[in-house]
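The values are calculated or read from the model by the stated rules, or taken from the named source; none is laboratory data. This one's a predicted model, so the numbers in the text were calculated from it and none came from an experiment. All Cβ positions, even for glycine, are placed from backbone atoms using ideal geometry, and neighbour counts span all protein chains on display. Ligands, DNA and RNA are stripped out before the accessible areas are found, and what is left, the full protein with its side chains, is counted by its heavy atoms. Shrake-Rupley method; radii C 1.70, N 1.55, O 1.52, S 1.80 Å.
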Amino acid sequence: MTILAVETSCDETSAAVVREGKILSNIVSSQIALHAEYGGVVPELAAREHLKNSPGVVRTAFEEAKISPGEIDAIAATQGPGLPTALLVGFKAAQAMAFALRKPFIGINHHEAHLYSPWIGDFAAFQPNISLIVSGGHTILVWVQSELKHQVLGATIDDAGGECFDKTGKLIGLPYPAGPEIDKLAEQGNPKAFDFPRPLLNDGSDDFSFSGLKTSVRYFLRDNPDLLTNPQRVRDLCASIQAAIVEVLVAKTIRAAKRTAVRCVTASGGVTCNRELRKQLEQACKRNGFILRLAEKGLCTDNAGMIGILAERKFLAGAAQVPLDQEIMSGLTLA
Ligand code: KG4
Ligand code: ZN
């Protein structure tokens, strides 16, 4: 089956064509430069930019896949969660295309698409797992008992992991999004130089909290204002912040995997691009005998390819198509 998928939940306008488990095209038009000026995503601007970019992105997805609209069997779009006005643009455009082409339409939960993204290209190897989804908007720990059957174990009670990277980076003066910048600077920094809190590390729950860490970096910089003029100390600071975030993410993921007696750990979402997180997860899984599946770097950040792949799995599993008057969804819950 051939599916056109659209994703506009935040600041990437994306369209993809997928066929039989393969992503034929996955076009992502990023709005980072637009929002960088404001230090974060401005929802109203994101929605307007999606409106402007969607037709060209969809056209390019068809062209790159060498598929014509008439060859499409179904259309999928991110239904939520996300920025409501941004979601509306892609979701309603996709519904309109489904109506015009008289094709079935399916709305996809954004987190669920991240959740299954580590298996893209290899669903035959699927096995029950504990999955960490960590991005700019969310940090969620999920127990995936079988394909399409999963239970949320915990989530952040305040800031997301990526938000912590972005906001502490902003305090240091790094451009938005600061996550990739911290990743780069941390490479030549000492992760033990400064001791930042590891929130909820030992609280016994599967929840996360990152706002206290952000506040402690703020106070640290207030008390050490000269530090930012010393490039090596900035690298040490980045490495120390990254170490605190990564330690909590890895420890809680591994603890949940041990408790639920799964044999596999997966990770996805934008922060999964982080090299230290990837390395620490690899080492921890090796030590504890877990198989690790990380989403490919190109599929960690938001993209329509993962939406299309999940839509196809759902159709194959007999999921009902969503009526065309279905509304967008909000909230943190996974379907
Ligand atoms: O999944 P995503 O594209 O969008 C959301 O759904 O939020 O994730 C974006 C987030 C941003 O917070 C960005 O700073 C973070 O992922 N990120 C990273 C890295 N690459 C992206 N954080 C740390 N290290 C990276 N290499
Ligand atoms: Zn995402």
Of Pro231, Pro177, Pro199, the one that fluctuates the most in a GNM where the chain has Cα springs shorter than 10 Å: Pro231
Can you pull the accessible area of Cys10 for me, 1.4 Å probe, Å² to the nearest 10? 40
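Which of the residue pairs Lys214/Lys286; Lys184/Lys279; Lys149/Lys314; Lys149/Lys286; Lys92/Lys149; Lys170/Lys279 have a Cα-Cα distance greater than 23 Å in the structure shown?
Details: Lys214/Lys286 30 Å; Lys184/Lys279 14 Å; Lys149/Lys314 11 Å; Lys149/Lys286 26 Å; Lys92/Lys149 27 Å; Lys170/Lys279 25 Å.
As for pairs spanning more than 23 Å Cα to Cα, those are Lys214/Lys286; Lys149/Lys286; Lys92/Lys149; Lys170/Lys279.
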In nm, what is the difference between 0.36 nm times the number of residues separating Lys149 and Ile291 and their Cα-Cα distance? 49.2 nm
Straight-line reach from Lys103: which aspartates and glutamates fall under 12 Å, measuring Cα to Cα and dropping same-chain residues less than 8 apart? Glu71, Asp73
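At 222 nm, what helix-only mean residue ellipticity would the chain give, in deg cm²/dmol to the nearest 500, using -39500 (n - 2.57) for each DSSP H run of four or more? Walk me through the intermediate numbers first.
On the way: 11 runs with 148 residues, N = 335.
Dividing the helical sum by the residues of the chain leaves -14000 deg cm²/dmol.
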Under a straight-distance cross-link criterion of Cα-Cα below 18 Å, which aspartates and glutamates are reachable from Lys258, leaving out those fewer than 8 residues away in the same chain? Asp203, Asp206, Asp207, Glu247, Glu282
Ignoring ligands, DNA and RNA, please state the percent of accessible area on the chain from carbon and sulfur, probe 1.4 Å. 53
Debye calc, one equal point scatterer per Cα of segment 179-256, no solvent, log10 I(q)/I(0) at q = 0.15 1/Å comes to -0.53
Springs between alpha-carbon pairs under 10 angstrom, Gaussian network model over the chain: which of Asn303, Asn53, Asn288 fluctuates most? Asn288
Label-point gap, in nm, between Ala96 and Glu187 - each point 7 angstrom along Cα→Cβ: 4.4
Determine the per residue accessible area of the chain with all protein chains present and a 1.4 angstrom probe, expressed in square angstrom. 42
For segment 118-131, in order, what is each residue's ³J(HN,Hα) by Karplus, 6.51 cos²θ - 1.76 cosθ + 1.60 with θ = phi - 60°, in whole Hz (x at glycine and Pro)? x, 9, 4, x, 8, 5, 4, 8, 4, 8, x, 7, 9, 10
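How big is the C-alpha Rg of segment 131-216 next to the rule-of-thumb value 2.2 N^0.38 Å, as a ratio?
Values: Rg = 14.6 Å, N = 86, 2.2 N^0.38 = 12.0 Å.
My calculation over the Cα atoms of segment 131-216 gives 1.22.
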Cα-based Rg / Dmax (Å) for the chain: 20.0, 63
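Go through 156-168, 30-42 and give me the packing order, highest mean Cβ count within 10 Å leading. All intermediate terms of the calculation are to be shown ahead of the outcome.
Values: 156-168: 24.3, 30-42: 14.7.
Ranking the peptides 156-168, 30-42 by packing returns 156-168, 30-42.
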How far, in nm, would the chain grow between Thr229 and Glu64 when pulled straight, counting 0.36 nm per residue and subtracting the alpha carbon separation? 54.7 nm
